[in-house]
Amino acid sequence: MPAAIAQFTIMDYNDITVGATAPANPTVDQLWLNTSVSPNRLSRWSGSAWVLATPTSASQVGAEATIYKQAAAPAHSNGRLWLQTGVVPNVLWRSTGSAWEKVTPTSPGEVGAYPSTDGSNLENRIYSAEQKITPEAIVNTFTEEYSKDDTKAITKGIVTMNRDGITVSKSTSEINSQLANDGVTVRDGDAPLAIFGEAGAIIPKVESNVLNFSDKTGVYYVGGAYPYKSISECLNTLFTRNDKIHIGPAGYPNSADIYIEVFGNINETVRITGLSGRGRLIIRINAGVTFNGNFELYGNTLPIYIIGAAGAVIKNPGNVSGYMFQISACKYVQINNLNLNNNGGYYLTDVTHGSTVHFENSDIIGCNYMAQANNASSVTVVNCKGNVVSGVLRLVEGAKGYISGSAPAGGPLEYSTNKFVFTDGTVARVNSAYSPPPIASKVFVQVFNGATFDSLHHGTSNVSTYYGASAAQNRWDSSTGWFDGRIRFGSEINNFLNGGSNVSIRMRLRRKNSSHGSSGAVMPAPYNHSASYSSGATRGGWTGWATVPSSLFTSSGATLTYYNGVQGINGYAIWDAVEVEVTVTKQV
C-alpha cells in the first residue's frame, strides 16, 4: 500500500499581504501593500481600521509648501506663499491667515540703497544721462538720485527734439514746456497752462478744477489752425466740469477776464453751465467769421459776453427749439456788435428764471421776435436794428424790457398789452443793414420703414397675442372679436423734417400673405387719422400711396390705428409692413 502524501502552507500573519483588495479578517499589526494605487501604498491594521504607513503628501515628508504663481491673490491660509505675477519684477508674499506680508523687497529703502542719514549737505548723488537718436526724434534722458536730511529723491528729465519742436519735462512734475515755431507752450499733462506766442498771452494754471488768475488776462484761440477747434473743446480743457472760475484779486476787475477768440468759421452748439467766481468770460467772434450754431447758457453767476468784430455773424443752423440763445438763471449775458440770423426760428432768444440779457449794436434778422422772456427776467435792447416779423420783445410772467436808441423794424416793441417795456424817449425802428449770403436749397427724399406692429382688442389698450407683430383691422367673422390694427413710429421722421420746408409725406401698407380675408384687394381703414389710399392690397401685396399730414409725426413719434367696423372679407385685413416716403426742402 503506497504511503500517504500531504502538503501544508505555513503563513505568518505578520507577513505583508500584497493585493488590490484589503485582506479579510486581518489581525492587529497585519501589513497590507495596496497595489490598486500607484505608487503602491502600505497600510497597517490597528484593530479597527487600516492606518497609512506610507507618506502620500508633500507635508508628510517635510516638503516645501506650494507657491501659487498667479496675478490675483489666492485665498488666505496661514503660511501660504503667493508669487504675484501681475507686476514686474514679480513679488513674493506670505499669508498670515488674514493678510499678505511682502517677502520680496520692492523699494530702495528695503534693500538699504540709501543710508539713514547723511548730513545736511547734498551727498551721494548719482547722475546718469543717455541720448537716443531715432528717425523720429532725438531723446535725451537724465537721472539724478540723492539723499538729503533723511529724505530720498529721484529726478528724471526728458528733452525731446522732433518736428513739433523741443519739449522739456521732469518726472517730479506734470508740468512740461514745448518750444515750437508758433511760440512756447507750458502744459500740465495735456492741458495748456501758458502760451507765449504772437499775442504775448499768458494762460494761468488750472488747479483742483478752479481757474486762478493773479494779474494777467487769459486768451484762448479757437477755429482754423488755432489750438482749439471749437469753443466747447476750449471750455472743457479749461474747466473740466465747467463749474468754477476764480479770477484775480479784488480790486483788479480789468485784469480778471478770460477771452476766447474765435478766428475761424465753426459749427457747434455751445453749452455753458454753472460758472461762478469773479471776472468775466468773453467770447469774441472776430471780423469775417461765421459761427453756425446755438448757445445754451444755464445757471451762470459769472457774467458772459458774446461780442463780435465788424462783419462777424452768428447763424442758427435750425435746431429743434428754433432759439439761437437759450438763457436760464444767468446773472448777466451781453450780446454785442453781431449780425444775428435766426434762420426762420420763432424766437431769437429765450430768457427765463430771473436772467438778465443785454443786446447792443446788433443787427437781427430771420425771427418772429428778438426775445421771449419770463419768470422775472429782464431784456435790454440798445441801438439795435434789423427786421422782425411779430415784434421786438414778448414779455410774460413778470418779465421786463428796456429799449433805448433804436430797435429792429417790424411789429410792435412789445407783444403783450401789459406794457412791461420801458423806453428812453423815442425809439427809432431801423431796418437791417446785414445782407446774408444767398441761401442754397436742396430737396431731400428718404423712405422710412422702421415701425412696430400689433393688434388691440377694439376700444382697449389690450394687445392680442394671436396676430403677433401684425396689425389686424376689423374682424373676420362673428366668432372673432373686433380689432384695431396699430402701427407705431419713433421720432426719426420728425427729426428728418426738422429745419425743412415744402414737406410732402406719403405712405403705403403691405398686406400679410396669408389665407385670412378676401383674395381680392382690401383697403386700409384709418381710424385715428386721415389718409386716402389710391388702392387696396391683395394678399402679400402693397396698397397704393396715401398722402398723410406731417403733423402726425411729432418728436414723440406717431401712432396710427386702423378700424372701421366692417365685418367680413371686404373690411378685414392684416398689415405687416409700412413705407413712409418723406420729401423735404432744406437749406445747405
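The values are calculated or read from the model by the stated rules, or taken from the named source; none is laboratory data. Computed from a predicted structure; not experimentally measured. All Cβ positions, glycine included, derive from the backbone under ideal geometry; neighbour counts span all protein chains shown. Calculation scope for accessible area: heavy atoms of the full protein, side chains included, ligands and nucleic acids excluded. Shrake-Rupley method; radii C 1.70, N 1.55, O 1.52, S 1.80 Å.
Which one of these is over 21 Å from Ala531 (Cβ atoms) and over 39 Å from the mean Cα position of the chain (by Cα): Ser461, Ser501, Ser478?
Testing whether each residue is over 21 Å from Ala531 (Cβ atoms) and over 39 Å from the mean Cα position of the chain (by Cα) leaves just Ser478.
With assigned by the TED database to the domain that holds Glu397, over 30 Å from the mean Cα position of the chain (by Cα) and not in a strand (DSSP E or B) as the only criterion, which of Gly345, Gly311, Gly322 stands out?
Gly311
If only one of Ile272, Ile304, Ile327, Ile282 is touching a helix residue (DSSP H, G or I) at 6+ places or on another chain (Cβ under 8 Å) and farther than 15 Å from Asp363 by Cβ, which one is it?
Among Ile272, Ile304, Ile327, Ile282, only Ile272 is touching a helix residue (DSSP H, G or I) at 6+ places or on another chain (Cβ under 8 Å) and farther than 15 Å from Asp363 by Cβ.
Give just the number: which of (1) more than 42 Å from the chain's Cα centre (by Cα); (2) at pLDDT below 95 does Gly541 not satisfy?
Single failed check for Gly541: (2).
Given (1) among the small types (Gly, Ala, Ser); (2) open to solvent by 60 Å² or more (accessible area, probe 1.4 Å); (3) part of a loop (DSSP other than H, G, I, E, B), where does Gly540 come up short, assuming only one miss?
Looking at each condition in turn, Gly540 falls short on (2).
Pull up segment 416-435, narrow it to residues that are closer than 30 Å to Lys586 by Cα and open to solvent by 70 Å² or more (accessible area, probe 1.4 Å), then point me to the one that is modelled with the lowest pLDDT.
Among residues in segment 416-435 that are closer than 30 Å to Lys586 by Cα and open to solvent by 70 Å² or more (accessible area, probe 1.4 Å), the one modelled with the lowest pLDDT is Ser435.
Can you say whether Ala329 is surrounded by fewer than 23 Cβ atoms within 10 Å (Cβ to Cβ) and at positive phi, as far as the supplied structure shows?
yes
From Ser518, Ser514, which residue is hydroxyl-bearing (Ser, Thr, Tyr), touching a residue at least 60 places away in the same chain (Cβ under 8 Å) and over 17 Å from Phe553 (Cα atoms)?
So the residue among Ser518, Ser514 that is hydroxyl-bearing (Ser, Thr, Tyr), touching a residue at least 60 places away in the same chain (Cβ under 8 Å) and over 17 Å from Phe553 (Cα atoms) is Ser514.
Given (1) touching a helix residue (DSSP H, G or I) at 6+ places or on another chain (Cβ under 8 Å); (2) open to solvent by 70 Å² or more (accessible area, probe 1.4 Å), where does Val503 come up short, assuming only one miss?
(2)
Listed residues Thr21, Thr9, Thr27; which is out of contact with any Ser or Thr (no Cβ under 9 Å at 6 or more places or on another chain), among the hydroxyl-bearing types (Ser, Thr, Tyr), at pLDDT 85 or above and outside the structural domain of Val87 (by the TED database)? If you could, list the steps in order and put the result at the bottom.
Working: Thr21 fails: out of contact with any Ser or Thr (no Cβ under 9 Å at 6 or more places or on another chain); Thr9 fails: at pLDDT 85 or above.
The match here is Thr27.
For a quick check of your reading: which strands (runs of 3 or more DSSP E) sit entirely within segment 50-153 and have at least 1 residues that are modelled with pLDDT of 65 or more and under 30 Å from Ile16 (Cα atoms)?
Qualifying strands (runs of 3 or more DSSP E): 50-52.
Which residues, taken from segment 543-585, are closer than 18 Å to Asn474 by Cβ, open to solvent by 40 Å² or more (accessible area, probe 1.4 Å) and of a type in the set (S, T, N, Q)?
Scanning segment 543-585 gives Asn564, Gln567, Asn570.
So which residues in segment 364-400 are part of a strand (DSSP E or B) and open to solvent by 40 Å² or more (accessible area, probe 1.4 Å)? Even if it seems obvious, please write down each step before you answer.
Going residue by residue through segment 364-400, those that are part of a strand (DSSP E or B) are 364-373, 378-382, 385-395, 400.
Those that are part of a strand (DSSP E or B) and open to solvent by 40 Å² or more (accessible area, probe 1.4 Å): Lys385, Asn387, Val389, Arg394, Lys400.
If you check Ser491 against the conditions, is it in contact with a Gly (Cβ under 6 Å, 6 or more places away or on another chain), modelled with pLDDT under 95, closer than 30 Å to Gly344 by Cα and not assigned by the TED database to the domain that holds Asn343? Reasoning before the result, please.
Values: in contact with a Gly (Cβ under 6 Å, 6 or more places away or on another chain): yes; modelled with pLDDT under 95: yes; closer than 30 Å to Gly344 by Cα: yes; not assigned by the TED database to the domain that holds Asn343: yes.
It is true that Ser491 is in contact with a Gly (Cβ under 6 Å, 6 or more places away or on another chain), modelled with pLDDT under 95, closer than 30 Å to Gly344 by Cα and not assigned by the TED database to the domain that holds Asn343.
Filter segment 535-555 for residues that are in contact with a Lys or Arg (Cβ under 9 Å, 6 or more places away or on another chain) and of a type in the set (Gly, Ala, Ser); which is farthest from Arg511 (Cα to Cα)? Write out each step before concluding.
From segment 535-555, those in contact with a Lys or Arg (Cβ under 9 Å, 6 or more places away or on another chain) are 536-548; that's our starting set.
Cutting the leftovers down to of a type in the set (Gly, Ala, Ser) gives us 536-537, 540-541, 544, 546.
Values: Gly536: 9, Ala537: 6, Gly540: 5, Gly541: 6, Gly544: 11, Ala546: 15 Å.
Per the criteria, the residue is Ala546.
What's the number of the only condition in (1) within 30 Å of Ala309 (Cβ to Cβ); (2) at pLDDT 90 or above that Pro438 fails to meet?
Answer for Pro438: the failing condition is (2).
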